[in-house]
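Heads up: the structure comes next, in structure tokens.
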Amino acid sequence: WKTGVRVENQKMMLGTFSPQPEPYIYVGEEETTPAGIFARGSYSAKLKFVDDDGKVYLEMSYYFEIRKDWPTGQ
């Protein structure tokens, strides 16, 4: 979301996982960050893991910013 407008909505099926002693690890594809003056700004996002029955296992919100120049950490 940017300034109250939905920018993107993405759903991804991870598959079926049965219980096991070791945790499952899933590495998603890397995405390209949009560039240009219209892409710059602050965004809010929500991540949710839901099973086929609608049970939510994880839900989190986060914020990020796309800027042209970043201050150096000197």
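For Phe64, the conditions (1) of a type in the set (A, V, I, L, M, F, W, C); (2) assigned to a strand (DSSP E or B); (3) open to solvent by less than 80 Å² (accessible area, probe 1.4 Å) all hold with the exception of (3).
Quick one: is Met12 exposed (fewer than 10 other Cβ atoms within 10 Å of the Cβ) and either among the aromatic types (Phe, Trp, Tyr) or outside any loop (DSSP other than H, G, I, E, B) (or both)? In short, no. Pairs are defined by a Cβ separation below 8 Å, a sequence spacing of at least 6 or placement on different chains, a first member in region 34-52 that is open to solvent by less than 80 Å² (accessible area, probe 1.4 Å), and a second member that is of a type in the set (Phe, Trp, Tyr) and assigned to a loop (DSSP other than H, G, I, E, B); the pairs so defined are Tyr43/Trp1; Ser44/Trp1; Ala45/Trp1.
The values are calculated or read from the model by the stated rules, or taken from the named source; none is laboratory data. Please read these numbers as outputs of a predicted model, since none were measured by experiment. We place every Cβ from the backbone using ideal geometry, glycine too, and count neighbours over all the protein chains shown. Remember, those area values only see protein heavy atoms, side chains included, never the ligands or the DNA or RNA. Shrake-Rupley method; radii C 1.70, N 1.55, O 1.52, S 1.80 Å.
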